[in-house]
Every structure is written in C-alpha cells, then in structure tokens.
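Here is the structure we will look at.
The values are calculated or read from the model by the stated rules, or taken from the named source; none is laboratory data. Just so it is clear, the model here is predicted, and its values are computed rather than measured. Cβ atoms come from the backbone with ideal geometry, glycine included; neighbour counts cover every protein chain shown. The protein model used for the area step is the full one, side chains on, heavy atoms only, and it has no ligands, DNA or RNA in it. Shrake-Rupley method; radii C 1.70, N 1.55, O 1.52, S 1.80 Å.
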Amino acid sequence: MSAVPGKTFYLETFGCQMNVHDSEKVIGTLVHEGYEQVQTVEQADLILYNTCSIRDKAEQKVFNRLNDYKKLLKQGKRFGVLGCVAQQEGEKIFERAPHVSLVCGSASYRNLPQMLAELENAQIEAPKPAGRKAELANLVRITGLDDRETDACFETEFTARTNPHRGYITIIEGCDKFCAYCVVPFTRGKERSRTSDSVLAEARQMADLGYTEIQLLGQNVNSYKDPAGKPGGKKTFAELLASVGEVPGIRRVRFTTSHPRDFGRDIIDAIDAVPTLCDHVHLPVQSGSDRVLAAMQRLYTRDQYLERISWMKSAKRPLSITSDIIVGFPGETEQDFADTLSLLDEVGYDAVFTFKYSPRPNTPSLALEDAIPDQEKARRLEVIMSHQKDIQIIRYKKYIGSELEVMVEGKNEARKQWIGRTSHNKTLNFAAPDSSVPQVGSYVKVRATQSFPNSLLGELVI
Ligand code: 5AD
Ligand code: SF4
C-alpha cells in the first residue's frame with residue numbers, strides 16, 4: 001500500500017513502559033486517521049517524539065533530536081512533541097524549538113485527530129513563505145495540554161500493540177505521592193484508576209486475540225483503587241491481579257511499578273494462589289538510609305521496606321526482586337550511601353536500576369542545594385553498580401542446571417541463539433537443534449548451563 005501524500009509519520013519514544021504503551025495508542029490513532037508509520041525521519045511528513053522528563057538527560061535528548069533535524073522544516077516536514085516534556089514545558093517548547101508545530105500532553109491523545117486535521121488544513125492554506133524566518137513566523141502552532149485529571153487517557157479503541165504475544169494494559173495513571181525528587185505528579189497528574197471491569201474486558205479481548213502475557217501498568221500500579229463496580233464488587237489491586245491471571249489463555253501476568261508504601265501482603269497471597277502471576281516484583285527502594293528516605297518523602301522506613309521483602313521471601317515460589325536506586329540525593333552522606341550498599345546485600349536483588357540524582361522542575365527537592373558534585377555522584381553510581389554485579393554473579397549462578405520455562409522472544413541470528421524470558425523476568429538465551437525450531441511467542445523448557453551477571457545461557461529441553 002502506498003502512503004497518502006503528506007500522511008506519513010515517524011515516532012520515536014523515550015522513557016518508561018507507560019510511554020511505550022502511550023505510543024501504541026498514538027500509532028493506533030494516527031493509522032485510523034489514514035496515516036502510515038515509517039521507520040526513518042527522511043521518509044516522514046510528520047516527525048513525532050514521545051518524550052520523558054524523569055531526568056534532565058532524558059529531557060535534553062528530545063531537544064537534541066529536534067535540533068538535529070530542524071533543517072528538514074524547509075522540506076515541508078512538521079514536528080510534534082508528545083508526552084511528559086510536552087506536558088511539563090507546554091508552549092515554552094515553541095520558544096526552545098521554534099520549528100515545532102504540535103505540542104500534545106499525554107491526557108490529550110484523544111484530541112490528536114482534530115489537532116492533526118488543524119495542522120493539515122493550515123498547511124494547505126498557508127502561502128509559501130520565503131526564507132527560514134518567514135517560514136517560522138508562518139508556522140501553525142497547535143497545543144493539547146488538557147488537565148491530567150481525565151480518565152479518557154484509558155481509551156484503548158485504536159491501540160496498535162507492537163508485540164502479538166505480550167501486551168500492556170494501563171490500570172492507573174498519575175501519582176499522588178509527591179516524592180521530593182520526582183516530576184511525575186506534575187507531568188502525569190493526579191492518580192486515577194480504571195474500573196476493574198474495563199481492565200478485565202481488555203484482558204479477555206487480548207486473550208481472544210492470542211496474547212498470553214499481560215503487563216499491568218501504572219506509575220504506582222499497586223495504588224490501584226477500583227472506581228466503580230457492583231456493590232461489594234470493587235476489586236483491590238491484588239484481586240484484580242488474580243482475576244487477570246485467571247483469564248483463560250493468559251499464561252503470564254506482570255505488574256509495574258509498585259510503591260512500597262502501598263505494597264500489601266495480599267499481593268504475595270495472590271502470587272501464591274494464582275500460578276500465572278510471574279515470580280517477579282519490582283519494588284523501587286531509592287535509598288537504604290532512613291534519613292534520605294525521609295528527605296525524599298518516600299513514606300516508609302528501611303525496616304518497613306525490609307518487612308515487605310520478608311513477605312516476598314516467604315512466598316511459596318522463590319521470587320525475583322528488583323529495584324531502582326538514586327545516588328547523590330541532596331545531603332546524602334557517605335554513611336547514607338553505605339546504608340544503601342548494605343541494603344543491597346540484605347535484599348539480594350536480581351537487578352537494580354541506578355540513577356544519579358537530577359534536579360527537576362517543580363519538584364520539592366529543587367529547593368535543596370544539589371551539593372554533591374557530578375563526579376562524586378558518578379563514583380557512587382560506579383560503586384553501587386559493581387557491588388550489585390557481584391551479587392548478581394552469585395545469584396545467577398544458582399540457576400545452572402535448573403530447567404526453566406521461557407517465552408521465546410526471538411532469535412539472535414549472529415549467535416545462532418534463541419532469546420527467552422523466564423517468569424523471573426530473566427533473559428535466558430538458548431540453543432535448539434534444527435529439528436526442534438521453537439516458535440516466537442511459544443513457551444518452552446530450557447536447561448540453564450551457564451550464567452552471566454545479567455543473563456543465562458542454556459539449551460532447549462526436548
Ligand atoms: N533523578 C534521578 N532519578 C530519578 N528517578 C525519578 N526521578 C529522578 C530524579 N529526579 C528514578 C527513580 C525512579 C526511576 C523511574 O527513576 O529511581 O524509580
Ligand atoms: Fe518519563 Fe515518568 Fe513520563 Fe514515564 S511517566 S515517560 S518515566 S517522566
């Protein structure tokens with residue numbers, strides 16, 4: 001099928017899984033409007049960036065991209081900024097990158113068809129201006145920055161899921177926690193949950209389409225509060241998790257990201273009771289020091305966090321636990337940092353995502369002096385990553401010899417290895433004989449034969 005002239009788009013996504021899933025909704029909406037997605041900027045009439053503002057580096061990335069391609073404006077290409085930076089910066093984006101025509105926050109995607117029509121009409125009507133200055137002065141500028149309190153963001157009518165086997169479902173949007181460092185409450189707005197009925201309807205629909213793995217999403221997924229339901233029919237997060245796991249055809253359910261404050265023992269009970277709930281919990285701790293946790297306004301202490309870890313360790317199946325950590329938060333002393341290192345030993349994480357503190361607009365910690373030099377933040381990051389690597393080497397080794405079920409994700413042709421993912425969310429690459437080629441999306445048994453700090457290697461069990 002050849003593209004309608006003027007109606008091709010290129011979309012690059014930055015940031016978290018919520019953004020990846022939002023992009024699936026944007027792609028679905030655009031395709032429904034007669035647009036065709038292309039894989040390069042050069043082929044596109046409309047160049048879109050779905051942006052992240054969690055750290056300054058992520059925000060800079062989009063402005064660098066916009067700068068790299070601004071010369072393409074004179075070829076008639078148009079630029080749009082979507083997502084968290086769009087929501088945070090609003091019309092200021094037109095000042096920082098004057099060649100941008102469209103700024104659309106994540107609560108306004110349902111208005112995209114209208115906004116695109118406006119953009120197209122403006123292009124048809126505009127007389128050809130001479131020179132770059134005139135072109136910029138003439139450029140139409142469209143914004144969609146709805147308040148982020150609407151539930152319409154759960155609209156899924158045109159979701160274009162990119163993977164036919166596993167897919168995301170957003171169950172809760174926004175955040176009411178206001179951690180001192182975090183921009184999310186300002187970019188994603190107030191917490192609002194979707195009804196459990198509509199989540200389950202989407203899960204069933206996905207199962208009917210052949211999906212076997214579902215990942216429930218939310219900035220604080222376990223803060224889920226069912227907004228409606230028959231009297232007595234409202235589901236808690238743990239109940240919703242269990243119900244999704246019981247949808248016929250669904251073999252794996254994951255959920256991310258959980259907040260320790262709202263992490264109840266009932267989630268572990270659900271994992272114990274429903275075998276399709278994966279053996280993995282991502283529970284960001286951010287710091288192992290009570291002093292820093294209080295300054296971060298995380299709403300829990302180290303001991304309270306460790307209590308939740310002890311629930312996970314008492315689960316019937318061994319669970320894999322992963323976390324996020326910020327180093328160099330204002331005022332973090334050597335002792336605070338040492339407390340974080342000792343927490344890594346105490347928990348025994350299977351993976352930790354570590355970040356240097358980055359001051360963000362609007363956040364409470366912006367008022368604190370960002371006194372730890374970047375070099376020192378980098379040193380702490382290095383220390384923590386190497387400490388965690390040692391922990392992982394030992395943890396991954398334990399799997400050698402065991403048989404694990406993986407979902408086949410694809411093949412690394414160069415290495416002649418199949419790529420699998422375990423219920424623990426570990427990558428397990430494996431060899432298979434030509435007589436037993438596994439299908440992508442299927443579940444097979446693999447015996448682990450070698451371990452690395454971040455993955456396992458094995459062979460197909462026939
Ligand atoms: N600076 C550094 N890291 C941050 N994160 C969130 N905000 C900041 C910030 N201002 C990290 C947290 C969070 C992860 C998604 O990003 O660890 O869990
Ligand atoms: Fe980035 Fe947070 Fe927005 Fe996700 S919600 S894209 S992590 S700023």
inquiry  = Relative contact order for region 15-94: what percent, with Cα pairs under 8 Å and sequence separation of 6 or more?
reply    = 34
Segment Asn362-Val31, extension gain: residue separation times 0.36 nm, minus the distance between their alpha carbons = 115.6 nm
query = Taking the simple approach of a point 7 Å from Cα along Cα-to-Cβ for both Arg132 and Asp345, what is their distance in nm?
reply = 5.8
key: Value of [θ]222 nm, deg cm²/dmol, for the chain, DSSP H segments ≥ 4, -39500 (n - 2.57) each, nearest 500   = -10500 deg cm²/dmol
task = For each pair in Lys57/Lys77; Lys389/Lys411; Lys74/Lys133, compute the distance between the two Cα atoms and list the pairs where it is over 18 Å.
result = Lys57/Lys77; Lys389/Lys411
remark   = For the pair Ala414 and Glu12, the simple spin-label estimate (label points 7 Å beyond Cα toward Cβ) gives in nm 2.1
query = Reported to two decimal places, what Rg/Rh ratio describes the chain when computed on Cα atoms with Rh from the Kirkwood expression?
reply = 0.98
request  = Leaving out ligands and nucleic acids, note down the accessible area per residue over the chain with a 1.4 angstrom probe, in whole Å².
outcome  = 45
inquiry  = List the trypsin sites (Lys or Arg not before Pro) within region 390-425 that DSSP assigns to loop and that have no more than 16 neighbouring Cβ atoms inside 10 Å.
reply    = Lys398, Arg415, Lys416
query = Nearest 0.05, what FRET efficiency do Val20 and Thr333 give at R0 = 25 Å with Cβ-Cβ as r?
reply = 0.10
task = Starting from the Cα of Lys445, draw a straight line to each of the aspartates and glutamates and keep only those under 15 Å, dropping any in the same chain fewer than 8 residues away.
result = Glu403, Glu405, Glu409, Glu459
message = Below 8 Å, C-alpha to C-alpha, sequence gap of six or more: please give me the relative contact order for region 8-144 in percent.
response = 22
ask   = Can you give the FRET efficiency for Glu246 and Ala160, using 1/(1 + (r/R0)^6), R0 = 35 Å, r = Cβ-Cβ distance, to the nearest 0.05?
value = 0.80
remark   = Dividing the mean separation of Cα pairs under 8 Å (6+ apart) by the residue count of the chain yields a relative contact order in percent of 10
key: Residue-span extension gain [Asp269 to Ser386] - 0.36 nm each, minus C-alpha spacing   = 38.7 nm
query = Using 7 Å Cα-to-Cβ label points, what is the Arg317/Gln60 separation (nm, one decimal)?
reply = 4.2
